[in-house]
Amino acid sequence: MFKEIKTTELTDNPFDLIGKQWLLVTAGKPDGSCNTMTASWGGLGVMWGKDVAFLVIRPQRYTKEFIDSSDTLSISVLPDGYKKQYGYLGSVSGRDEDKIAKAGLTVTRDGDTPYFEEARLAMICKKRFAQPYDPDSFLDPAIKEDCYPQKDYHTLYICEIEKVLVKE
């Protein structure tokens, strides 16, 4: 069972949450299908007077198709003990198999937005901005060399956090 809290009630350190615990970014298509991917890059903050999540998705990720076809997405944080599932969901494509089922996760929904019953925290987000990274905008050329040797630049999504759900 989940209860809704305000974003100001979040107690997780965002650097630990994103960089060490990791996230699942999940979106659905109008036909009801959904896909998820592990994320360890991104941020939480304030933009345009709204509490937002900053997400970056590479173009080859199958989940990007789902994100681009929906107005909303979720960010789920699983409890301790799910590192194996995070690793699996970040390395296997949903194009090839039902990776959500194979990871043993249960999809639930807030309206049309899928998230996971196993999550300890879920943020329901509305997309507000999407912009592919421009290679000419990198001020430090080492970032392009180190992080984009295949020139598969991320798309930056800024998503308003509309609802925060925590496991009771």
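Report, in debye and to the nearest 20, how large the dipole of the chain comes out about its Cα centre when Lys and Arg carry +1 and Asp and Glu carry -1 on their Cβ. Intermediate values should be presented prior to the final figure.
On the way: 22 positive and 26 negative charges, 37 e Å.
That gives a dipole near 180 debye.
A 1.4 Å probe over all protein chains sorts Lys151, Lys3, Lys127 by accessible area into Lys151, Lys3, Lys127, starting with the largest.
List the residues of the stretch 55-74 whose backbone N lies under 16 Å from a point placed 7 Å from the Cα of Asp134 along the Cα-to-Cβ direction. Backbone N within reach: none found.
The HN-Hα couplings worked out from phi for the stretch 5-19 by the Karplus form 6.51 cos²θ - 1.76 cosθ + 1.60 (θ = phi - 60°) are 10, 7, 4, 5, 8, 4, 10, 5, 6, x, 5, 6, 4, 7, x Hz, whole numbers, x standing for Gly and Pro.
For the chain, with all protein chains in place and a probe radius of 1.4 Å, 50% of the accessible heavy-atom surface sits on carbon or sulfur.
Database note for the chain: Cys without another Cys beta carbon under 4.7 angstrom, Cys34, Cys147. Heavy-atom accessible surface of the stretch 59-168, averaged per residue, reaches 53 Å², computed with a 1.4 Å probe. Between Asp16 and Met47, full extension at 0.36 nm per residue minus the direct alpha carbon distance yields a gain of 9.0 nm. How much length is gained on full extension from Glu168 to Ile5, taking 0.36 nm per residue of separation minus their Cα-Cα distance? My answer for the length gained is 57.6 nm.
The values are calculated or read from the model by the stated rules, or taken from the named source; none is laboratory data. Remember, predicted model here, so these are calculated numbers, not experimental data. Every residue, glycine as well, gets a Cβ built from its backbone with ideal geometry; the counts of neighbours run over all protein chains shown. All accessible areas refer to the heavy atoms of the entire protein, side chains included, with ligands and DNA or RNA removed. Shrake-Rupley method; radii C 1.70, N 1.55, O 1.52, S 1.80 Å.
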